[in-house]
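Peer 1: Below is the structure I would like to discuss, written out as C-alpha coordinates.
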Amino acid sequence: MILGVIADDMTGASDVALTLSQGGLSVTQVVANTESFHQYQESDVVVAALKTRTAPVEEAVKLSLDACEKLLAAGARQVLLKICSTFDSTANGNIGPVADALRLRLGAGSTIVCPAFPENGRTVFKGYLFVGQQLLHESPMKDHPLTPMRDSSLVRLMSAQTRANVGLLSLDKVTEGAGSIRESLAAGDVAGVSYFIADAIANEHLVSLVEANEMRPLLVGGSGIAIGLPGIYRRLGLQTISRANRFRYRSRGRSAILAGSCSVATRGQIVKAIAAGFPTRKLDAVELDRNPSTIDEACAWALKQDAIKPVLIYASDAPEQVELVKRILGESRASRVVENALGGIAKFLIANGFDRLIIAGGETSGAVIQATSLKALQVGPEIAPGVPWMYSAHTPELAIALKSGNFGNDDFLISAWEKLTSQESVN
Ligand code: ADP
(Lines give C-alpha, C1' and ligand atoms only; values in the text may rest on other atoms or scores of the structure.)
Protein backbone atom coordinates (compact mmCIF):
# COMPACT_ATOMS: atom_id res chain seq x y z
CA MET A 1 0.00 0.00 0.00
CA ILE A 2 1.13 3.52 -0.74
CA LEU A 3 -1.79 5.68 0.27
CA GLY A 4 -4.33 5.28 3.04
CA VAL A 5 -7.48 7.37 2.68
CA ILE A 6 -9.78 8.17 5.58
CA ALA A 7 -13.10 9.26 4.06
CA ASP A 8 -15.68 10.91 6.29
CA ASP A 9 -18.59 9.48 4.32
CA MET A 10 -19.40 6.64 2.01
CA THR A 11 -20.04 8.53 -1.23
CA GLY A 12 -16.92 10.61 -0.70
CA ALA A 13 -15.00 7.37 -0.36
CA SER A 14 -16.15 6.03 -3.72
CA ASP A 15 -15.59 9.44 -5.31
CA VAL A 16 -11.89 9.50 -4.29
CA ALA A 17 -11.54 5.77 -5.06
CA LEU A 18 -12.66 6.52 -8.63
CA THR A 19 -10.19 9.40 -9.04
CA LEU A 20 -7.26 7.26 -7.86
CA SER A 21 -8.33 4.25 -9.92
CA GLN A 22 -8.57 6.40 -13.06
CA GLY A 23 -5.00 7.49 -12.35
CA GLY A 24 -3.87 3.86 -12.66
CA LEU A 25 -3.72 2.81 -8.99
CA SER A 26 -5.40 -0.30 -7.60
CA VAL A 27 -7.91 0.75 -5.00
CA THR A 28 -9.92 -1.14 -2.39
CA GLN A 29 -12.68 0.65 -0.52
CA VAL A 30 -13.23 -0.98 2.88
CA VAL A 31 -16.79 -0.35 4.04
CA ALA A 32 -17.01 -2.53 7.15
CA ASN A 33 -15.43 -2.01 10.54
CA THR A 34 -12.85 -4.78 10.07
CA GLU A 35 -10.15 -5.67 12.63
CA SER A 36 -7.29 -4.90 10.28
CA PHE A 37 -6.56 -3.91 6.68
CA HIS A 38 -3.76 -6.44 6.16
CA GLN A 39 -5.74 -8.49 3.67
CA TYR A 40 -5.95 -5.43 1.40
CA GLN A 41 -2.31 -4.35 1.66
CA GLU A 42 -1.53 -5.45 -1.93
CA SER A 43 -3.72 -2.58 -3.16
CA ASP A 44 -1.90 0.67 -3.91
CA VAL A 45 -4.64 2.48 -2.04
CA VAL A 46 -7.00 1.45 0.74
CA VAL A 47 -9.92 3.78 1.33
CA ALA A 48 -11.42 3.46 4.80
CA ALA A 49 -15.01 4.55 4.29
CA LEU A 50 -16.32 5.96 7.55
CA LYS A 51 -19.56 7.69 8.52
CA THR A 52 -18.06 10.39 10.68
CA ARG A 53 -19.11 13.62 8.99
CA THR A 54 -21.93 14.32 11.43
CA ALA A 55 -20.96 11.96 14.28
CA PRO A 56 -20.22 13.42 17.73
CA VAL A 57 -16.72 14.94 17.66
CA GLU A 58 -15.09 12.40 20.04
CA GLU A 59 -16.51 9.50 18.06
CA ALA A 60 -15.33 10.95 14.75
CA VAL A 61 -11.83 11.46 16.13
CA LYS A 62 -11.68 7.96 17.63
CA LEU A 63 -12.91 6.21 14.47
CA SER A 64 -10.56 8.23 12.26
CA LEU A 65 -7.53 7.53 14.45
CA ASP A 66 -8.45 3.85 14.54
CA ALA A 67 -8.61 3.79 10.72
CA CYS A 68 -5.28 5.63 10.58
CA GLU A 69 -3.61 2.99 12.80
CA LYS A 70 -4.92 0.18 10.62
CA LEU A 71 -3.77 1.92 7.44
CA LEU A 72 -0.28 2.51 8.87
CA ALA A 73 -0.07 -1.09 10.11
CA ALA A 74 -0.92 -2.29 6.58
CA GLY A 75 1.86 -0.15 5.09
CA ALA A 76 0.37 3.25 4.19
CA ARG A 77 3.12 5.82 3.60
CA GLN A 78 0.84 8.80 3.29
CA VAL A 79 -2.66 9.62 4.54
CA LEU A 80 -5.40 11.62 2.85
CA LEU A 81 -8.30 12.83 4.98
CA LYS A 82 -11.07 12.95 2.39
CA ILE A 83 -13.70 15.58 3.17
CA CYS A 84 -16.63 16.85 1.18
CA SER A 85 -15.96 19.25 -1.69
CA THR A 86 -18.47 21.58 -0.02
CA PHE A 87 -16.65 21.31 3.34
CA ASP A 88 -19.77 19.80 4.95
CA SER A 89 -19.34 20.09 8.71
CA THR A 90 -20.78 21.76 11.78
CA ALA A 91 -19.18 24.61 13.76
CA ASN A 92 -17.80 22.00 16.21
CA GLY A 93 -16.26 19.92 13.50
CA ASN A 94 -15.55 17.31 12.51
CA ILE A 95 -12.93 18.35 9.98
CA GLY A 96 -10.78 20.40 12.40
CA PRO A 97 -10.70 17.97 15.34
CA VAL A 98 -10.07 14.93 13.10
CA ALA A 99 -7.31 16.73 11.17
CA ASP A 100 -5.73 17.86 14.47
CA ALA A 101 -5.67 14.27 15.75
CA LEU A 102 -4.19 12.93 12.50
CA ARG A 103 -1.54 15.67 12.38
CA LEU A 104 -0.45 14.75 15.87
CA ARG A 105 -0.39 10.99 15.15
CA LEU A 106 1.51 11.43 11.89
CA GLY A 107 3.87 14.14 13.13
CA ALA A 108 2.75 16.34 10.24
CA GLY A 109 3.91 19.93 9.79
CA SER A 110 2.04 22.48 7.69
CA THR A 111 -0.82 20.60 6.07
CA ILE A 112 -2.66 21.51 2.87
CA VAL A 113 -6.46 21.75 3.12
CA CYS A 114 -8.20 22.01 -0.25
CA PRO A 115 -11.71 20.74 -1.02
CA ALA A 116 -11.67 22.03 -4.63
CA PHE A 117 -13.06 19.73 -7.33
CA PRO A 118 -13.17 21.95 -10.46
CA GLU A 119 -14.72 19.25 -12.67
CA ASN A 120 -17.78 19.37 -10.40
CA GLY A 121 -17.75 23.16 -10.08
CA ARG A 122 -16.12 23.36 -6.63
CA THR A 123 -13.36 25.96 -6.68
CA VAL A 124 -11.45 27.86 -3.99
CA PHE A 125 -10.42 31.49 -4.60
CA LYS A 126 -8.92 33.77 -1.93
CA GLY A 127 -9.91 31.10 0.54
CA TYR A 128 -13.61 31.27 -0.42
CA LEU A 129 -15.40 28.15 -1.64
CA PHE A 130 -17.58 28.39 -4.73
CA VAL A 131 -20.20 25.91 -5.93
CA GLY A 132 -20.53 26.63 -9.63
CA GLN A 133 -21.06 30.40 -9.90
CA GLN A 134 -22.25 30.78 -6.30
CA LEU A 135 -20.47 31.21 -3.03
CA LEU A 136 -20.98 28.17 -0.80
CA HIS A 137 -23.31 30.02 1.59
CA GLU A 138 -25.52 31.17 -1.29
CA SER A 139 -25.66 27.71 -2.90
CA PRO A 140 -28.29 25.06 -2.08
CA MET A 141 -25.83 23.80 0.58
CA LYS A 142 -27.22 26.52 2.86
CA ASP A 143 -30.31 24.31 3.28
CA HIS A 144 -28.62 20.95 3.83
CA PRO A 145 -30.65 18.91 6.38
CA LEU A 146 -27.59 18.01 8.50
CA THR A 147 -24.79 20.42 7.66
CA PRO A 148 -26.25 23.71 6.42
CA MET A 149 -23.28 25.74 5.18
CA ARG A 150 -23.81 29.42 6.04
CA ASP A 151 -20.26 30.75 5.52
CA SER A 152 -17.97 30.46 2.48
CA SER A 153 -14.65 31.44 4.03
CA LEU A 154 -12.65 28.25 4.51
CA VAL A 155 -10.13 30.05 6.72
CA ARG A 156 -12.98 31.08 9.04
CA LEU A 157 -14.68 27.69 8.88
CA MET A 158 -11.46 25.81 9.65
CA SER A 159 -10.41 28.29 12.36
CA ALA A 160 -13.75 27.72 14.12
CA GLN A 161 -12.94 24.00 14.33
CA THR A 162 -9.33 24.07 15.54
CA ARG A 163 -7.10 26.02 17.90
CA ALA A 164 -4.21 25.58 15.47
CA ASN A 165 -3.06 28.37 13.14
CA VAL A 166 -4.76 28.47 9.76
CA GLY A 167 -3.13 30.30 6.84
CA LEU A 168 -3.96 30.86 3.18
CA LEU A 169 -2.03 29.68 0.12
CA SER A 170 -3.41 32.13 -2.39
CA LEU A 171 -3.85 31.50 -6.09
CA ASP A 172 -0.89 33.70 -7.12
CA LYS A 173 1.38 31.50 -4.99
CA VAL A 174 -0.24 28.29 -6.26
CA THR A 175 0.11 29.34 -9.92
CA GLU A 176 3.84 29.92 -9.37
CA GLY A 177 4.05 26.13 -9.12
CA ALA A 178 5.29 23.38 -6.81
CA GLY A 179 8.59 25.09 -5.94
CA SER A 180 6.90 28.20 -4.49
CA ILE A 181 4.28 26.15 -2.69
CA ARG A 182 7.02 23.96 -1.18
CA GLU A 183 8.76 27.09 0.13
CA SER A 184 5.49 28.31 1.69
CA LEU A 185 4.97 24.95 3.40
CA ALA A 186 8.54 24.99 4.76
CA ALA A 187 8.06 28.58 6.01
CA GLY A 188 4.77 27.49 7.57
CA ASP A 189 6.53 24.63 9.38
CA VAL A 190 8.86 27.16 10.97
CA ALA A 191 6.16 29.74 11.74
CA GLY A 192 3.79 27.16 13.21
CA VAL A 193 1.08 27.39 10.55
CA SER A 194 -0.66 24.05 10.98
CA TYR A 195 -3.05 24.32 8.02
CA PHE A 196 -2.91 26.11 4.69
CA ILE A 197 -6.26 26.58 3.01
CA ALA A 198 -5.17 26.35 -0.64
CA ASP A 199 -6.77 28.15 -3.57
CA ALA A 200 -7.40 26.02 -6.66
CA ILE A 201 -9.66 26.80 -9.62
CA ALA A 202 -8.31 24.23 -12.09
CA ASN A 203 -6.85 20.72 -11.97
CA GLU A 204 -3.34 22.03 -12.68
CA HIS A 205 -3.44 23.89 -9.34
CA LEU A 206 -4.39 20.70 -7.50
CA VAL A 207 -1.52 18.88 -9.22
CA SER A 208 0.98 21.59 -8.17
CA LEU A 209 -0.25 21.32 -4.58
CA VAL A 210 0.37 17.58 -4.31
CA GLU A 211 3.68 17.88 -6.17
CA ALA A 212 4.81 20.35 -3.52
CA ASN A 213 3.42 18.19 -0.76
CA GLU A 214 5.24 15.12 -2.14
CA MET A 215 5.40 12.52 0.68
CA ARG A 216 4.49 14.84 3.55
CA PRO A 217 2.41 12.51 5.69
CA LEU A 218 -1.02 14.19 5.57
CA LEU A 219 -3.29 15.92 3.07
CA VAL A 220 -6.82 17.17 3.71
CA GLY A 221 -9.09 17.58 0.70
CA GLY A 222 -11.87 16.56 -1.62
CA SER A 223 -11.34 13.96 -4.30
CA GLY A 224 -9.84 16.66 -6.56
CA ILE A 225 -6.68 16.75 -4.47
CA ALA A 226 -6.11 13.09 -5.39
CA ILE A 227 -5.85 13.81 -9.12
CA GLY A 228 -2.08 14.37 -9.02
CA LEU A 229 -1.19 11.62 -6.54
CA PRO A 230 -0.75 8.69 -8.99
CA GLY A 231 1.76 10.79 -10.99
CA ILE A 232 3.74 11.64 -7.84
CA TYR A 233 3.91 8.00 -6.80
CA ARG A 234 5.12 6.97 -10.25
CA ARG A 235 7.74 9.73 -10.30
CA LEU A 236 9.02 8.62 -6.91
CA GLY A 237 9.17 5.00 -8.10
CA LEU A 238 6.58 3.83 -5.60
CA GLN A 239 4.31 2.51 -8.32
CA THR A 240 5.69 1.63 -11.71
CA ILE A 241 2.94 -0.21 -13.57
CA SER A 242 -0.68 0.76 -13.96
CA ARG A 243 -2.77 -1.65 -11.93
CA ALA A 244 -6.17 0.00 -12.13
CA ASN A 245 -8.95 -2.32 -11.10
CA ARG A 246 -10.66 -4.43 -13.75
CA PHE A 247 -14.34 -4.55 -13.20
CA ARG A 248 -15.98 -7.93 -13.78
CA TYR A 249 -19.60 -8.20 -12.98
CA ARG A 250 -22.65 -9.87 -14.41
CA SER A 251 -25.96 -9.14 -12.80
CA ARG A 252 -28.41 -11.95 -12.29
CA GLY A 253 -30.96 -9.99 -10.33
CA ARG A 254 -33.08 -6.88 -10.12
CA SER A 255 -32.34 -3.18 -9.74
CA ALA A 256 -33.36 -0.59 -7.17
CA ILE A 257 -32.73 3.05 -6.32
CA LEU A 258 -32.90 4.22 -2.70
CA ALA A 259 -32.73 7.98 -2.18
CA GLY A 260 -32.40 9.87 1.09
CA SER A 261 -30.62 12.89 -0.33
CA CYS A 262 -32.70 16.09 -0.35
CA SER A 263 -30.29 17.96 -2.60
CA VAL A 264 -31.54 19.87 -5.63
CA ALA A 265 -29.64 17.50 -7.96
CA THR A 266 -31.14 14.33 -6.47
CA ARG A 267 -34.67 15.74 -6.44
CA GLY A 268 -34.30 16.67 -10.12
CA GLN A 269 -33.07 13.14 -10.89
CA ILE A 270 -36.08 11.66 -9.09
CA VAL A 271 -38.48 13.80 -11.14
CA LYS A 272 -36.85 12.46 -14.34
CA ALA A 273 -36.98 8.84 -13.14
CA ILE A 274 -40.68 9.19 -12.32
CA ALA A 275 -41.30 10.69 -15.77
CA ALA A 276 -39.43 7.72 -17.29
CA GLY A 277 -41.98 5.39 -15.70
CA PHE A 278 -39.87 3.83 -12.94
CA PRO A 279 -42.10 2.18 -10.30
CA THR A 280 -41.87 4.71 -7.47
CA ARG A 281 -42.73 4.85 -3.78
CA LYS A 282 -42.28 7.84 -1.54
CA LEU A 283 -41.59 7.38 2.17
CA ASP A 284 -42.97 9.87 4.66
CA ALA A 285 -40.56 10.45 7.58
CA VAL A 286 -43.31 11.12 10.15
CA GLU A 287 -45.27 8.07 9.02
CA LEU A 288 -42.09 5.96 9.24
CA ASP A 289 -41.63 7.11 12.83
CA ARG A 290 -45.21 6.44 13.85
CA ASN A 291 -45.76 3.21 11.98
CA PRO A 292 -42.73 0.89 11.61
CA SER A 293 -44.72 -1.47 9.35
CA THR A 294 -44.33 1.22 6.64
CA ILE A 295 -40.92 -0.36 5.96
CA ASP A 296 -42.37 -3.86 5.45
CA GLU A 297 -45.04 -2.44 3.19
CA ALA A 298 -42.40 -0.74 1.03
CA CYS A 299 -40.42 -4.00 0.81
CA ALA A 300 -43.50 -6.00 -0.18
CA TRP A 301 -44.40 -3.33 -2.75
CA ALA A 302 -40.92 -3.53 -4.33
CA LEU A 303 -41.16 -7.29 -4.81
CA LYS A 304 -44.47 -6.92 -6.64
CA GLN A 305 -43.19 -4.45 -9.24
CA ASP A 306 -42.38 -5.36 -12.80
CA ALA A 307 -38.67 -6.30 -12.91
CA ILE A 308 -38.05 -4.54 -16.24
CA LYS A 309 -37.43 -1.12 -14.67
CA PRO A 310 -35.55 -0.30 -11.46
CA VAL A 311 -37.79 0.38 -8.46
CA LEU A 312 -37.31 3.79 -6.85
CA ILE A 313 -37.93 4.29 -3.13
CA TYR A 314 -37.21 7.77 -1.77
CA ALA A 315 -37.70 10.03 1.22
CA SER A 316 -36.13 13.07 -0.44
CA ASP A 317 -38.11 16.26 -0.07
CA ALA A 318 -37.92 20.04 -0.52
CA PRO A 319 -36.30 22.17 2.23
CA GLU A 320 -39.68 23.45 3.56
CA GLN A 321 -40.98 19.88 3.99
CA VAL A 322 -37.73 18.74 5.62
CA GLU A 323 -37.98 21.71 8.04
CA LEU A 324 -41.51 20.70 8.92
CA VAL A 325 -40.48 17.09 9.58
CA LYS A 326 -37.54 18.25 11.70
CA ARG A 327 -39.91 20.42 13.76
CA ILE A 328 -42.20 17.44 14.37
CA LEU A 329 -39.58 14.74 15.04
CA GLY A 330 -36.50 16.71 16.06
CA GLU A 331 -33.42 17.17 13.89
CA SER A 332 -31.48 13.99 14.50
CA ARG A 333 -34.54 11.76 14.86
CA ALA A 334 -35.83 12.79 11.42
CA SER A 335 -32.57 11.78 9.75
CA ARG A 336 -32.23 8.61 11.79
CA VAL A 337 -35.72 7.40 11.00
CA VAL A 338 -35.18 7.82 7.26
CA GLU A 339 -31.68 6.34 7.31
CA ASN A 340 -32.82 3.30 9.31
CA ALA A 341 -35.73 2.74 6.98
CA LEU A 342 -33.63 2.88 3.80
CA GLY A 343 -30.98 0.66 5.44
CA GLY A 344 -33.62 -1.93 6.37
CA ILE A 345 -35.14 -1.84 2.90
CA ALA A 346 -31.70 -2.28 1.26
CA LYS A 347 -30.98 -5.30 3.45
CA PHE A 348 -34.32 -6.85 2.50
CA LEU A 349 -33.91 -6.18 -1.22
CA ILE A 350 -30.40 -7.69 -1.33
CA ALA A 351 -31.67 -10.80 0.45
CA ASN A 352 -34.45 -11.01 -2.14
CA GLY A 353 -32.50 -10.97 -5.38
CA PHE A 354 -31.77 -7.30 -6.01
CA ASP A 355 -28.11 -7.05 -7.03
CA ARG A 356 -27.85 -3.63 -8.67
CA LEU A 357 -28.43 -0.72 -6.35
CA ILE A 358 -28.05 3.03 -6.59
CA ILE A 359 -28.04 4.86 -3.27
CA ALA A 360 -28.44 8.65 -3.34
CA GLY A 361 -27.03 10.62 -0.41
CA GLY A 362 -23.82 10.49 1.62
CA GLU A 363 -25.31 9.79 5.03
CA THR A 364 -27.91 7.61 3.39
CA SER A 365 -25.21 5.52 1.69
CA GLY A 366 -23.41 5.11 5.01
CA ALA A 367 -26.59 3.90 6.67
CA VAL A 368 -27.36 1.51 3.83
CA ILE A 369 -23.86 0.02 3.81
CA GLN A 370 -23.93 -0.41 7.60
CA ALA A 371 -27.24 -2.28 7.32
CA THR A 372 -25.81 -4.74 4.79
CA SER A 373 -23.01 -7.28 5.19
CA LEU A 374 -20.83 -5.66 2.54
CA LYS A 375 -17.14 -5.54 3.53
CA ALA A 376 -15.09 -4.14 0.67
CA LEU A 377 -15.77 -2.66 -2.76
CA GLN A 378 -13.75 -2.36 -5.93
CA VAL A 379 -14.07 0.48 -8.40
CA GLY A 380 -15.96 -0.08 -11.63
CA PRO A 381 -16.90 2.22 -14.51
CA GLU A 382 -17.62 5.90 -14.00
CA ILE A 383 -21.26 6.95 -14.23
CA ALA A 384 -20.74 10.68 -13.67
CA PRO A 385 -17.86 12.76 -12.29
CA GLY A 386 -17.24 11.45 -8.77
CA VAL A 387 -19.62 8.49 -9.01
CA PRO A 388 -18.46 5.01 -10.05
CA TRP A 389 -20.24 1.72 -10.09
CA MET A 390 -18.63 -0.32 -7.30
CA TYR A 391 -18.41 -4.09 -7.19
CA SER A 392 -18.58 -6.05 -3.96
CA ALA A 393 -15.25 -7.82 -3.39
CA HIS A 394 -16.95 -10.51 -1.25
CA THR A 395 -20.42 -12.03 -1.03
CA PRO A 396 -23.09 -10.84 -1.48
CA GLU A 397 -22.10 -10.23 -5.09
CA LEU A 398 -23.58 -6.99 -6.27
CA ALA A 399 -22.98 -3.74 -8.07
CA ILE A 400 -23.68 -0.62 -6.09
CA ALA A 401 -23.36 3.08 -6.86
CA LEU A 402 -23.10 5.50 -3.95
CA LYS A 403 -24.03 8.95 -5.17
CA SER A 404 -23.28 12.10 -3.25
CA GLY A 405 -26.52 14.09 -3.22
CA ASN A 406 -25.31 16.94 -5.37
CA PHE A 407 -23.60 14.84 -8.04
CA GLY A 408 -24.84 13.80 -11.44
CA ASN A 409 -27.03 15.49 -14.06
CA ASP A 410 -30.81 15.11 -14.36
CA ASP A 411 -30.57 11.83 -16.28
CA PHE A 412 -28.30 10.16 -13.75
CA LEU A 413 -30.79 7.60 -12.45
CA ILE A 414 -31.76 6.65 -16.00
CA SER A 415 -28.36 6.54 -17.71
CA ALA A 416 -26.43 4.89 -14.85
CA TRP A 417 -27.73 1.41 -15.72
CA GLU A 418 -26.47 1.55 -19.30
CA LYS A 419 -22.91 2.10 -18.04
CA LEU A 420 -23.17 -1.13 -16.10
CA THR A 421 -24.78 -3.05 -18.96
CA SER A 422 -22.12 -1.96 -21.46
CA GLN A 423 -19.43 -2.93 -18.97
CA GLU A 424 -21.04 -6.34 -18.44
CA SER A 425 -20.94 -7.02 -22.17
CA VAL A 426 -17.29 -5.95 -22.44
CA ASN A 427 -16.05 -8.38 -19.78
P1 ADP B 1 -26.63 14.44 0.64
O2 ADP B 1 -25.58 13.59 -0.02
O3 ADP B 1 -27.53 15.14 -0.33
O4 ADP B 1 -26.01 15.35 1.67
P5 ADP B 1 -27.41 12.74 2.82
O6 ADP B 1 -27.94 11.35 2.71
O7 ADP B 1 -25.98 12.89 3.26
O8 ADP B 1 -27.62 13.44 1.41
O9 ADP B 1 -28.26 13.63 3.82
C10 ADP B 1 -29.64 13.73 3.73
C11 ADP B 1 -30.22 13.53 5.13
O12 ADP B 1 -31.58 13.94 5.10
C13 ADP B 1 -30.20 12.07 5.56
O14 ADP B 1 -29.82 11.97 6.92
C15 ADP B 1 -31.66 11.64 5.39
O16 ADP B 1 -32.01 10.61 6.27
C17 ADP B 1 -32.38 12.93 5.69
N18 ADP B 1 -33.73 12.98 5.07
C19 ADP B 1 -34.10 12.41 3.91
N20 ADP B 1 -35.39 12.68 3.65
C21 ADP B 1 -35.85 13.41 4.66
C22 ADP B 1 -37.11 13.98 4.97
N23 ADP B 1 -38.14 13.83 4.14
N24 ADP B 1 -37.23 14.68 6.11
C25 ADP B 1 -36.16 14.84 6.94
N26 ADP B 1 -34.93 14.32 6.71
C27 ADP B 1 -34.77 13.61 5.59
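Peer 1: Kindly indicate which of 265, 276 is touching a residue at least 60 places away in the same chain (Cβ under 8 Å), among the aliphatic types (A, V, I, L, M) and over 19 Å from residue 405 (Cα atoms).
Peer 2: 276
Peer 1: Inside the range 75-119, can you point out the residues that are of a type in the set (A, V, I, L, M), touching a residue at least 24 places away in the same chain (Cβ under 8 Å) and not in a strand (DSSP E or B)?
Peer 2: Listed by number, the residues that qualify are 76, 83, 91, 95, 98, 99, 101, 102, 106, 108, 116.
Peer 1: Here is a follow-up. Kindly evaluate residue 11 against the criterion of being part of a helix (DSSP H, G or I), under 24 Å from residue 94 (Cβ atoms) and within 16 Å of the ligand (Cβ to nearest atom).
Peer 2: Here the answer is yes, as residue 11 does meet what is asked.
Peer 1: Something else about it: Need pairs with beta-carbon distance below 7 Å; first residue assigned to a strand (DSSP E or B) and within the range 24-50, second aromatic (Phe, Trp, Tyr); sequence gap 6+ or separate chains.
Peer 2: What qualifies is 28/40; 30/37; 30/40; 46/37; 46/40.
Peer 1: Examine the range 62-76 for a residue that is closer than 21 Å to residue 206 by Cβ, surrounded by fewer than 20 Cβ atoms within 10 Å (Cβ to Cβ) and either assigned by TED's automatic domain parsing to the domain that holds residue 138 or of a type in the set (S, T, N, Q) (or both), and state whether such a residue exists.
Peer 2: No, there is no match, as no residue in the range 62-76 is closer than 21 Å to residue 206 by Cβ, surrounded by fewer than 20 Cβ atoms within 10 Å (Cβ to Cβ) and either assigned by TED's automatic domain parsing to the domain that holds residue 138 or of a type in the set (S, T, N, Q) (or both).
Peer 1: Let me ask another. Filter the range 90-140 down to the residues that are modelled with pLDDT under 95 and among the hydroxyl-bearing types (Ser, Thr, Tyr), then identify the one that is farthest from the chain's Cα centre (by Cα).
Peer 2: 139
Peer 1: Given (1) within 10 Å of the ligand (Cβ to nearest atom); (2) within 28 Å of residue 392 (Cβ to Cβ); (3) touching a Pro at 6+ places or on another chain (Cβ under 7 Å), identify the lone condition not met by residue 322.
Peer 2: (2)
Peer 1: Here's something else I'd like to know. Look through 330, 344 and report the one residue that is more than 10 Å from the ligand (Cβ to nearest atom) and surrounded by 17 or more Cβ atoms within 10 Å (Cβ to Cβ).
Peer 2: 344
The values are calculated or read from the model by the stated rules, or taken from the named source; none is laboratory data. No experiment lies behind these values; they were computed from the predicted model shown. With ideal geometry, Cβ positions are generated from the backbone for all residues, glycine too; neighbour counts draw on all protein chains shown.
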